[in-house]
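See below for the structure under consideration.
The values are calculated or read from the model by the stated rules, or taken from the named source; none is laboratory data. Not measured: the values here are computed from a predicted model. When we count neighbours, we look across all protein chains shown, and the Cβ atoms used for this are built from the backbone with ideal geometry, even at glycine.
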Amino acid sequence: MQEFTRKTFLPFSLPGIDEKDISGVIEVLKSGWITTGPKCDAFEKAFAAYVGAPHACALTSATAGMHLVLLALGLKPGDEVITSSMTWVSTVNMIELCGARPVFVDIDRSTLMITADRIAPLISKRTRAMVPVHYAGAPADMDPIRELAKKHNIVLIEDAAHAAGTEYKGQRVGKTGLSIFSFHPIKNMTTGEGGMVVSEDQELVDRVRRLKFHGLAKDAWQRYSRKGSVVMEVTEPGFKYNLTDIQASLGLTQLEKLDRFNERRKELVAIYDELFKSVEEVRPIGRPAYPHKHTHHLYIVQVDIDRAGMSRDEFVDQLKARNIGVGIHFRAAHLHEYYAKQGRYPRGSLPETERASDRIMSLPLFPGMTANDVRDVVLAIKDVVRAGRTP
Ligand SMILES: *Cc1c(COP(=O)(O)O)cnc(C)c1O
């Protein structure tokens, strides 16, 4: 018997858009320059300054960033890229589309992240890159991973889609190395759609900049302005992955709010943590023991499917019936039809990833939520557990 239902649907995520975001976009629309231009330039500089990196290139998505970074590495068929299967499948798609092979590392049961000791045995002569994921707002344990990369001369690409503002041992993700951020609407800040490649490596960022816009030289966007030259040269074939100034304007005003957004997420998480002390069937995932600043991109819990007496998918349906929105981050990449059919990673090959993939769900968490919303989520979870026990 269902006893608890909210009157209105609580979405799992909502972007935090205010009047300043809106008036900024309107200003760009009225300015006469709406595609890549001065706002994009300013957004790249502001974001690079925020993370403390010297170079940044804005793109249409983090997926586009991953595509171009992998292409810039010049991957050949047979090359291997080590990553987690507990990630958004776009990373794996991009590895595949570059003709390389994804090699999956199983994850830590508590944090759901890959670790250097699990990566080490999978390094081969064909390994060209590794893509650790900073998961749910926590940083991966980078020191030992960086050491491994250096020792074997492997390129390290940090998937920082969840990590805008995250710190590892006192340093912001993105400050060193090569990181890719996402500004999809569910992320901690948004441009509608968008991404950013951030790196110390100027040559690489310049290459990404050319590849994102037809393979044209650096300031190609200026070709219709007074300053630009109308004569442009393609130096290599490229894509059309440039962010517009409409989006970049959102990026600038959202970035101003990012620290406040992340603080609010932290407050909401403290309420969740307290309330989950009295729930045994559904438990939050672990947080790293090393020094870090978590930005709580997602509040992920695992359903104890034996104790709850139902599958995670049934649990999610029951929560939705109680007007609580839920996400799944993620269904393991290797279990998606295309990758499963390849047969390289059959079920059973990545036990911890599969265990999590079958049990995790992401609960509503966004800056505009109230403490009462958090209470409603936990009340609904307790109600699902109670109803599941009633024969
Ligand atoms: C969202 C996400 C991406 C992709 O970001 P897009 O901007 O949507 O392309 C990549 N990796 C992870 C872990 C993500 O959550």
For this session: Residues being free of Cβ contacts under 8 Å to residues at least 24 places away in the same chain and under 30 Å from His329 (Cα atoms): count how many of those fall in the stretch 18-33.
Result: 1
Exercise. Can you tell me which residue in the stretch 117-135 is surrounded by the fewest Cβ atoms within 10 Å (Cβ to Cβ), limited to those that are within 16 Å of the ligand (Cβ to nearest atom) and either in the same structural domain as Met361 (by TED's automatic domain parsing) or not β-branched (Val, Ile, Thr) (or both)?
Worked result: Ala129
Problem set entry | Of all residues in the stretch 69-82 being surrounded by fewer than 24 Cβ atoms within 10 Å (Cβ to Cβ) and either farther than 18 Å from Lys125 by Cβ or not assigned by TED's automatic domain parsing to the domain that holds Ala116 (or both), the one that is nearest to the ligand (Cβ to nearest atom) | Leu71
Exercise. Is it the case that some residue within the stretch 40-50 is more than 12 Å from the ligand (Cβ to nearest atom), over 23 Å from Glu167 (Cα atoms) and either surrounded by fewer than 20 Cβ atoms within 10 Å (Cβ to Cβ) or under 17 Å from the mean Cα position of the chain (by Cα) (or both)?
Worked result: yes
Exercise. Pairs under 7 Å by beta carbon, first residue within 14 Å of Phe12 (Cα to Cα) in the stretch 368-388, partner surrounded by fewer than 16 Cβ atoms within 10 Å (Cβ to Cβ) and among the basic types (Lys, Arg), six or more apart or different chains?
Worked result: Asp376/Arg6
Exercise. Restricted to the stretch 53-68, and to residues that are buried (at least 24 other Cβ atoms within 10 Å of the Cβ) and not hydrophobic (A, V, I, L, M, F, W, C), which residue is farthest from the ligand (Cβ to nearest atom)?
Worked result: His67
For this session: Identify the single condition in (1) more than 16 Å from the ligand (Cβ to nearest atom); (2) out of contact with any His (no Cβ under 8 Å at 6 or more places or on another chain) that Val197 does not satisfy, given that it satisfies every other one.
Result: (1)
Exercise. Can you find even one residue in the stretch 88-100 that is out of contact with any Ser or Thr (no Cβ under 8 Å at 6 or more places or on another chain), closer than 16 Å to Gly65 by Cα and away from the ligand (no atom under 15 Å from the Cβ)?
Worked result: yes
Exercise. Do we find a residue being free of Cβ contacts under 8 Å to residues at least 60 places away in the same chain, part of a strand (DSSP E or B), in contact with a helix residue (DSSP H, G or I) (Cβ under 8 Å, 6 or more places away or on another chain) and buried (at least 20 other Cβ atoms within 10 Å of the Cβ) anywhere in the stretch 136-156?
Worked result: no
For this session: Report the residue count in the stretch 339-379 for those that are basic (Lys, Arg) and assigned to a loop (DSSP other than H, G, I, E, B).
Result: 3
Problem set entry | Candidate set: the stretch 319-337, residues that are buried (at least 19 other Cβ atoms within 10 Å of the Cβ) and over 19 Å from Pro284 (Cβ atoms); chosen: the one farthest from the ligand (Cβ to nearest atom) | Arg322
Exercise. Name the pairs whose Cβ atoms lie under 7 Å apart, with the first residue in the stretch 176-201 and without any contact (Cβ under 8 Å) to a residue 40 or more places away in the chain and farther than 10 Å from Thr63 by Cα, the second part of a strand (DSSP E or B) and within 12 Å of the ligand (Cβ to nearest atom), and 6 or more positions between them or separate chains?
Worked result: Gly177/Glu158
For this session: Please specify each residue of the stretch 65-119 satisfying the condition of being of a type in the set (Val, Ile, Thr), more than 23 Å from Asp143 (Cα to Cα) and either in contact with a Lys or Arg (Cβ under 9 Å, 6 or more places away or on another chain) or not in a helix (DSSP H, G or I) (or both).
Result: Val89, Ile95
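Conditions (1) outside the structural domain of Val385 (by TED's automatic domain parsing); (2) among the β-branched types (Val, Ile, Thr); (3) at pLDDT 95 or above; (4) touching a Gly at 6+ places or on another chain (Cβ under 8 Å), marked per residue:
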{"site": "Arg322", "(1), (2), (3), (4)": "no, no, yes, no"}
{"site": "Gly327", "(1), (2), (3), (4)": "no, no, yes, no"}
{"site": "Tyr339", "(1), (2), (3), (4)": "no, no, yes, no"}
{"site": "Gly343", "(1), (2), (3), (4)": "no, no, yes, no"}
{"site": "Pro346", "(1), (2), (3), (4)": "no, no, yes, no"}
{"site": "Ser349", "(1), (2), (3), (4)": "no, no, yes, no"}
{"site": "Ile360", "(1), (2), (3), (4)": "no, yes, yes, no"}
{"site": "Pro364", "(1), (2), (3), (4)": "no, no, yes, yes"}
{"site": "Met369", "(1), (2), (3), (4)": "no, no, yes, no"}
Exercise. Which of the residues belonging to the stretch 157-186 are within 12 Å of the ligand (Cβ to nearest atom) and surrounded by fewer than 24 Cβ atoms within 10 Å (Cβ to Cβ)?
Worked result: His184, Pro185, Ile186
